[in-house]
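See structure below.
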Amino acid sequence: MIKITAYQGATVGVYGLGLSGLACVRALLAGGAQVLAWDDKQECRDEAARMGAILYDFAALGFDKAAQASQVPRASQAPRALIVSPAVSLTHPAPHPIVQAARAANIPILGDMALFAQAHAEFQAHSNEPAPIIAITGTNGKSTTTALIAHLLNACGYDVQMGGNIGKPVLDLMPPNKSGKTIYVLELSSYQIDLSPDFTPHIAILLNLTPDHIERHGDYADYIAAKWQMFENLPASAHAIIGIDGEKEAALAAQYAKQGKAHLHTIAGTDKPKATIYAKGTVLYDKTGALADFANIPTLQGAHNLQNAAASFAALRALNIPQEKLINAFADFPGLAHRLQPVAHHQNIQFINDSKATNAEATSKALAAFENIYWIAGGQSKQGGIESLSSQFQHFCAWRKCTT
């Protein structure tokens, strides 16, 4: 667990006590803060109380009375900050009432990634251990790329701390150890970046962009802006890795290049020789020639997974890890459950579980990776339906629509 000492002796509010919220409570209490916590669910409140938090209903009681809940004399003012769950809306469809109340009281609204950034700055100030941060965002492929980078780094002997929007909440990760080989590999959603606009990793990866979470951000432009915040303030020493398979992403890469920052790496899962690393067929290339052939790696099939692999190659290259160490590690990647996951093989039929593809854009990548497909799909319809997938139907062995 990572301790948050920046609020030692002060009061901090935590609203939303899911996994990341409870991790915030633990980290703040361990660092000496007094925590006022609330969630609509009784079981979540009970868990926070067991940890030592003071239960306080911000929405009902307001921030002006929060000081009265304080049990520490020097923490007799309103909370120094309010930590909210990524699910709490900041702007759309309307600011959550707790957000409106905190803004009215001039209380900073933060997320768990902002707390992690504060703790990491303290690590850097008091230690010679570099503990670099690799942060991965994008609409699709974040989890696979995060897990793949972590897998490669583990194979190279690093102390990998992986979390964020995958696996453990970021504050449940461990602080850097004394080996000097700790690396944080973090998957970040637009919600998390929205709550941590000043967060600056050492290596920032943007895989791709398609319209998503519009109900939270208002429109596609604001969704892109939320993701792009992570790149706005990158220092000159940082590395930006940007997928350029799409026009929007290519425009952002060009925008970043115009800023004159040296460490830009462009990647593509398709044949784009202008990219730093790109795919042609099943082979990844850079300007020196072929890097690796992924034809026989079942967990990394399809152009989208080649983009994920290209991002991973670029990230480890930015860390000066020799590429010859990576080739065998790529072949051993087990993949992630529900993401193009090979689950069975009977006679000449391979069964693939891709149930994590919950939108047409994600599904199109999986369907494009195979021929002679029997596609079994279900669930609730999303806006736009599956019409955009019609070009993939030519790969189907049969087509039958079933309703229940």
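The values are calculated or read from the model by the stated rules, or taken from the named source; none is laboratory data. Source: prediction; values computed, not measured. Cβ: placed from backbone, ideal geometry, glycine included. Neighbour counts: every protein chain shown. These accessible areas exclude ligands, DNA and RNA; they are computed on the full protein's heavy atoms, side chains included. Shrake-Rupley method; radii C 1.70, N 1.55, O 1.52, S 1.80 Å.
Points to keep in mind about this one:
- √(5λ) per eigenvalue of the Cα gyration tensor, the range 1-66, largest first, Å: 18, 15, 8
- Near the amide H of Leu291, within less than 5 Å, lie the amide hydrogens of Leu284, Tyr285, Asp286, all on another chain or at least 5 residues away, with H placed in the peptide plane.
- Lys/Arg +1, Asp/Glu -1 at C-beta; the chain dipole; positive extreme among Pro298, Gln394, Ala6: Ala6
- Cα-centred dipole magnitude for the chain, charges only on beta-carbon of K, R (+1) and D, E (-1), debye, nearest 20: 340
- Computed Kirkwood radius, in angstrom, where 1/r is averaged over Cα pairs of the range 138-192: 11.6
- Net dipole in debye of the range 254-366 [+1 Lys, Arg Cβ; -1 Asp, Glu Cβ; about Cα centre; nearest 20]: 440
- Derived value for the chain: Kirkwood hydrodynamic radius 22.7 Å. Basis is the mean of 1/r over every pair of different alpha-carbon atoms.
- Dipole check for the range 21-152: with +1 at the C-beta of Lys and Arg, -1 at the C-beta of Asp and Glu, and the Cα centre as origin, the magnitude is about 180 Debye.
- What a 1.4 Å probe finds exposed on the chain is 51% carbon and sulfur by accessible area, rounded to a whole percent.
- The equivalent ellipsoid that matches the C-alpha gyration tensor of the range 189-299 spans semi-axes of 26, 18, 13 angstrom, in descending order.
- With both residues required to sit in the chain, DSSP beta bridges show an antiparallel share near 25%.
- Here the Karplus relation 6.51 cos²θ - 1.76 cosθ + 1.60, evaluated at θ = phi - 60°, turns the backbone of the range 176-192 into coupling constants of x, 8, 7, 6, x, 10, 7, 9, 8, 10, 10, 8, 10, 8, 4, 4, 5 Hz, with x for every Gly and Pro.
- Spin-label pair Tyr374-Ser355: with each label point 7 Å from Cα along the Cα-Cβ axis, the two points sit 1.8 nm from one another.
- Unsatisfied cross-links (Cα-Cα over 21 Å) in the set Lys142/Lys325; Lys181/Lys274; Lys248/Lys274; Lys142/Lys227; Lys227/Lys325: Lys142/Lys325; Lys181/Lys274; Lys227/Lys325
- Overall, the anisotropy analysis places the range 113-233 in the prolate class: the square-rooted eigenvalues a ≥ b ≥ c of its C-alpha gyration tensor yield a/c not less than 1.5, with a/b exceeding b/c.
- Averaged over residues, the count of other Cβ atoms within 10 Å places the peptides 171-178, 238-245 in the sequence 238-245, 171-178, highest first.
- Couplings for the range 102-111, taken from phi via the Karplus curve 6.51 cos²θ - 1.76 cosθ + 1.60 with θ = phi - 60°, read 5, 5, 5, 8, 6, 9, x, 10, 10, x Hz in order; Gly and Pro are left as x.
- Inter-probe distance in nm under a simple model that places probes 7 Å from Cα toward Cβ, at Glu122 and Asp222: 3.4
- Scattering curve values for the range 263-357, log₁₀ I(q)/I(0), Debye with Cα scatterers, q = 0.23 Å⁻¹: -1.19
- Dividing the Cα radius of gyration of the range 4-162 by its Kirkwood radius returns 1.02 for Rg/Rh.
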